[in-house]
Amino acid sequence: PLLRLRTLAPDGGAVLAASPVWWLLRGVRVDGHGDPFTLAGDLRDLFAALCRSRVRTLAVHDLPAGDQAVDDLLDTGLYPRLTALALPGCGVSDEGAGRLAAHPHTPALRPLDLDRNNLSPVGFNALAAVGVHVSDRQFFLPGGWD
């Protein structure tokens, strides 16, 4: 079963973890719709709560959490258990892409969706070097392919 959250509320992770259907979940999708009011701590708490679940797929759409979301995901220990990750429109930059590329689990993700993020050829190439296909729907930063 997939849980789709239309918004991320404070203490949302704790509320989910207390739910009787918690152990049935295999995937979670958060639709941020560019919500600037979601606190970075709320997303970190959700990732930490998901560590105690059976979730294997995670999608966070259009939540402007940036590279902090990548750092929080890597720090919680959830990341190595994921089979698929989507962070489209989340403001991930070259630094976040580099941290993902440096993690040994990243090539195992099918898919890793980073569409509509702020990657330049630096981030694109870091991911490509470890075998991750990045689509042409990126927001490339100025500077060309130097």
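The table for this structure:
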item: Lys/Arg +1, Asp/Glu -1 at C-beta; the stretch 1-123 dipole; positive extreme among HIS61, PRO80, GLY91; result: PRO80
item: Neighbour net charge for ARG54 - beta-carbon separation under 12 angstrom, K R +1, D E -1; result: +4
item: Label-point separation, ALA129 to ALA17 (7 Å along Cα→Cβ), nm; result: 3.6
item: Solvent accessible area, Å² - HIS105, 1.4 Å probe, full protein context; result: 30
item: Positive minus negative residues near TRP22 (Lys, Arg vs Asp, Glu; Cβ under 9 Å); result: +2
item: Accessible surface, the stretch 41-102, averaged per residue in Å² (probe 1.4 Å); result: 33
item: Inter-probe distance in nm under a simple model that places probes 7 Å from Cα toward Cβ, at ARG26 and LEU5; result: 2.1
item: VAL21 - accessible surface, heavy atoms, 1.4 Å probe, Å² rounded to 10; result: 80
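The values are calculated or read from the model by the stated rules, or taken from the named source; none is laboratory data. These numbers were taken from a predicted model, which means no experiment stands behind them. Glycine also receives a Cβ, built like all others from the backbone with ideal geometry; neighbour counts cover every protein chain displayed. To get the accessible areas, we keep the full protein, side chains included, count just its heavy atoms, and leave off ligands, DNA and RNA. Shrake-Rupley method; radii C 1.70, N 1.55, O 1.52, S 1.80 Å.
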